[in-house]
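Visitor: One structure coming up, written as structure tokens, with questions to follow.
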Amino acid sequence: MKRLFALMLAAAMLLAMAACGAAEASAPAAEEAPASAASAAEAPASAAEESAAIPGLEDGVFTIAMECAYAPYNWTQTDDANGAVPIKDSSDFANGYDIMIAKKLCEANGWQLEVIRSDWDSLVPSVQTGTIDAAIAGQSMTAERAEQVDFAGPYFYATIVCLTKADSPYAEAKAIADLSGGSCTAQLATIWYDTCLPQIEGANIQPAAETAPAMLMALESGQVDFVCTDMPTAQGAVAAYPDLKILDFSGTDGDFQFSEEERAENVNIGISVQKGNTALVEALNAVLSQMTADDFNNLMAEAIKIQPVGE
């Protein structure tokens with residue numbers, strides 16, 4: 001009987017030890033559960049969640065405005081050839097360098113792109129009121145504009161030049177001083193008209209053109225002897241009007257004069273967003289900062305190549 005009791009006691013002890021072993025084996029699993037939950041909580045937010053945190057992008061739609069008449073930055077065409085996108089409330093399509101950049105921004109952030117056609121002088125007010133999320137329209141990052149909107153970018157670095165006809169008396173100008181006495185214009189509300197043309201002593205400055213095409217038409221029709229613009233606009237104009245010639249004084253003493261700060265403002269092209277929308281500026285800059293000046297130039301060359309003749 002004692003032997004039987006001893007055997008029963010030994011069996012009981014073995015069962016107890018097995019139970020303890022099982023409990024110990026299960027303990028680490030219990031400890032790991034909170035760690036897994038913490039990892040899930042720390043996982044990066046999805047693109048949709050990140051967009052929802054950006055004012056104006058809660059719906060995942062990136063609404064931008066441009067003239068759709070400022071080649072090679074942007075233009076209007078009748079179909080979706082070469083990657084053009086629909087213009088809201090229109091049967092037309094928009095394309096150009098600005099559209100190419102906008103598509104890259106949307107692709108990187110998982111946004112849908114919506115394009116609105118707008119007058120040049122309505123772009124900043126539309127940004128200020130939140131009617132659009134951003135203006136991607138070939139705008140210089142001037143100090144005056146920076147008082148009204150915040151800027152992302154630059155998304156292009158542009159040189160300021162003049163355009164004249166190849167057979168013009170001013171076609172061989174080597175400095176802005178050689179343009180004295182000529183009649184000229186530039187687009188309304190641009191640094192070309194407000195800052196550059198007044199530096200040409202003796203220039204006969206005509207009323208500003210409302211749009212870039214109107215500026216070029218004034219030159220083509222002989223209303224003015226030359227116009228002031230940026231290099232991409234000039235290159236696009238020469239592609240459309242072979243009788244025009246670019247006057248590039250950059251890097252010479254005869255160029256338009258700016259302080260280093262003014263030059264940075266005047267040649268850098270940026271994306272304007274509503275004041276205080278830091279989250280959107282950061283989202284845009286996260287993409288643009290990965291692109292080089294060569295990337296921008298190559299993309300602009302492609303825009304010039306595919307722009308419709310006459311734009």
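Visitor: Are there any pairs, at least 6 apart or on different chains, whose C-beta atoms fall under 6 Å, with the first in segment 75-86 and of a type in the set (D, E, K, R) and the second at pLDDT 95 or above, and if so, which?
Guide: If the second residue must be at pLDDT 95 or above, the pairs left are Asp80/Phe93.
Visitor: Now, a different point. Check Leu163, Leu188, Leu123, Leu179 and return the single one that is under 18 Å from the mean Cα position of the chain (by Cα) and either surrounded by 22 or more Cβ atoms within 10 Å (Cβ to Cβ) or in contact (Cβ under 8 Å) with a residue 40 or more places away in the chain (or both). Spell out the reasoning first.
Guide: Details: Leu163 fails: under 18 Å from the mean Cα position of the chain (by Cα); Leu188 fails: under 18 Å from the mean Cα position of the chain (by Cα); Leu179 fails: under 18 Å from the mean Cα position of the chain (by Cα).
Step by step, each of Leu163, Leu188, Leu123, Leu179 is checked, and only Leu123 is under 18 Å from the mean Cα position of the chain (by Cα) and either surrounded by 22 or more Cβ atoms within 10 Å (Cβ to Cβ) or in contact (Cβ under 8 Å) with a residue 40 or more places away in the chain (or both).
Visitor: Follow-up question, since we're still on this one. Of the residues that make up segment 131-151, is at least one of a type outside the set (S, T, N, Q), surrounded by fewer than 17 Cβ atoms within 10 Å (Cβ to Cβ) and either on the phi > 0 side of the Ramachandran plot or not assigned by TED's automatic domain parsing to the domain that holds Ser289 (or both)? Break it down stepwise before answering.
Guide: Taking segment 131-151 first, the residues of a type outside the set (S, T, N, Q) are 132-138, 141, 143-147, 149-151.
Then drop every residue that is not surrounded by fewer than 17 Cβ atoms within 10 Å (Cβ to Cβ), which leaves 143-144, 146-147.
Next cut, either on the phi > 0 side of the Ramachandran plot or not assigned by TED's automatic domain parsing to the domain that holds Ser289 (or both) only: none.
Scanning segment 131-151 turns up no residue that is of a type outside the set (S, T, N, Q), surrounded by fewer than 17 Cβ atoms within 10 Å (Cβ to Cβ) and either on the phi > 0 side of the Ramachandran plot or not assigned by TED's automatic domain parsing to the domain that holds Ser289 (or both).
Visitor: Among Ala189, Ala177, Ala208, which is at pLDDT below 95 and not assigned by TED's automatic domain parsing to the domain that holds Thr76?
Guide: Values: Ala177 fails: at pLDDT below 95; Ala208 fails: at pLDDT below 95.
Being at pLDDT below 95 and not assigned by TED's automatic domain parsing to the domain that holds Thr76 holds for just one of Ala189, Ala177, Ala208, which is Ala189.
Visitor: Does Gly270 satisfy being part of a strand (DSSP E or B) and surrounded by 12 or more Cβ atoms within 10 Å (Cβ to Cβ)? If you could, list the steps in order and put the result at the bottom.
Guide: Working: part of a strand (DSSP E or B): yes; surrounded by 12 or more Cβ atoms within 10 Å (Cβ to Cβ): yes.
Yes.
Visitor: Would you confirm whether any residue within segment 89-101 is in a strand (DSSP E or B) and farther than 21 Å from Phe156 by Cα?
Guide: Within segment 89-101, the subset in a strand (DSSP E or B) is 93-95.
Checking which are farther than 21 Å from Phe156 by Cα leaves us with 93.
Yes, because at least one residue in segment 89-101 is in a strand (DSSP E or B) and farther than 21 Å from Phe156 by Cα.
Visitor: Okay, next question. In contact (Cβ under 8 Å) with a residue 60 or more places away in the chain and either in contact with a His (Cβ under 6 Å, 6 or more places away or on another chain) or acidic (Asp, Glu) (or both): which single residue out of Asp294, Asp255 fits that description? Break it down stepwise before answering.
Guide: Values: Asp294 fails: in contact (Cβ under 8 Å) with a residue 60 or more places away in the chain.
Of Asp294, Asp255, the one residue that is in contact (Cβ under 8 Å) with a residue 60 or more places away in the chain and either in contact with a His (Cβ under 6 Å, 6 or more places away or on another chain) or acidic (Asp, Glu) (or both) is Asp255.
Visitor: All but one of (1) among the hydrophobic types (A, V, I, L, M, F, W, C); (2) assigned to a strand (DSSP E or B); (3) over 30 Å from Asp59 (Cβ atoms) hold for Ile116; state the number of the condition that does not hold.
Guide: Single failed check for Ile116: (3).
Visitor: Among the residues of segment 51-96, what is the count of those that are surrounded by fewer than 23 Cβ atoms within 10 Å (Cβ to Cβ), out of contact with any Ser or Thr (no Cβ under 9 Å at 6 or more places or on another chain), under 26 Å from Asp230 (Cβ atoms) and β-branched (Val, Ile, Thr)?
Guide: The number of residues fulfilling the criteria is 1.
Visitor: Then there is this: Of the residues that sit in segment 38-66 and are more than 27 Å from Ile87 (Cβ to Cβ) and of a type in the set (A, V, I, L, M), which one is modelled with the highest pLDDT? So that I can check it myself, show each step before the final result.
Guide: Taking segment 38-66 as the starting set, the residues that turn out to be more than 27 Å from Ile87 (Cβ to Cβ) are 38-46, 49-50, 53.
Narrowing further to those that are of a type in the set (A, V, I, L, M): 38, 40-41, 43, 45, 53.
On the way: Ala38: 37, Ala40: 34, Ala41: 39, Ala43: 37, Ala45: 53, Ala53: 86.
Ranking the qualifying residues of segment 38-66, first place goes to Ala53.
Every residue, every condition in (1) of a type outside the set (Lys, Arg); (2) more than 30 Å from Asp79 (Cβ to Cβ); (3) assigned by TED's automatic domain parsing to the domain that holds Lys165; (4) assigned to a strand (DSSP E or B), yes or no:
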site: Met215; (1), (2), (3), (4): yes, no, yes, no
site: Pro232; (1), (2), (3), (4): yes, no, yes, no
site: Gly254; (1), (2), (3), (4): yes, yes, no, no
site: Gln257; (1), (2), (3), (4): yes, yes, no, no
site: Leu284; (1), (2), (3), (4): yes, no, no, no
site: Glu302; (1), (2), (3), (4): yes, no, no, no
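Visitor: Does segment 70-78 contain any residue that is touching a Cys at 6+ places or on another chain (Cβ under 9 Å), of a type in the set (Val, Ile, Thr) and modelled with pLDDT of 90 or more?
Guide: yes
Visitor: Still on this model: Which ones in segment 122-146 are in contact with a helix residue (DSSP H, G or I) (Cβ under 6 Å, 6 or more places away or on another chain), part of a strand (DSSP E or B) and closer than 21 Å to Trp111 by Cα?
Guide: Matches in segment 122-146: Ala135, Ile136, Ala137.
Visitor: Quick one: which of Glu262, Glu220 is surrounded by fewer than 21 Cβ atoms within 10 Å (Cβ to Cβ), acidic (Asp, Glu), at pLDDT 95 or above and out of contact with any Pro (no Cβ under 6 Å at 6 or more places or on another chain)? Quick ask: steps written out before the conclusion?
Guide: Values: Glu262 fails: at pLDDT 95 or above.
None of the others qualify; the one that does is Glu220.
Visitor: If you go through segment 230-246 one residue at a time, do you hit one that is in contact with a Leu (Cβ under 8 Å, 6 or more places away or on another chain), closer than 23 Å to Leu299 by Cα and buried (at least 23 other Cβ atoms within 10 Å of the Cβ)?
Guide: Looking for residues that are in contact with a Leu (Cβ under 8 Å, 6 or more places away or on another chain), closer than 23 Å to Leu299 by Cα and buried (at least 23 other Cβ atoms within 10 Å of the Cβ), one finds at least one in segment 230-246, hence yes.
The values are calculated or read from the model by the stated rules, or taken from the named source; none is laboratory data. If you're wondering where the values come from, they're calculated on a predicted model, not measured in any experiment. FYI the Cβ positions are ideal-geometry reconstructions off the backbone, even for glycines, and counts take in every protein chain you see.
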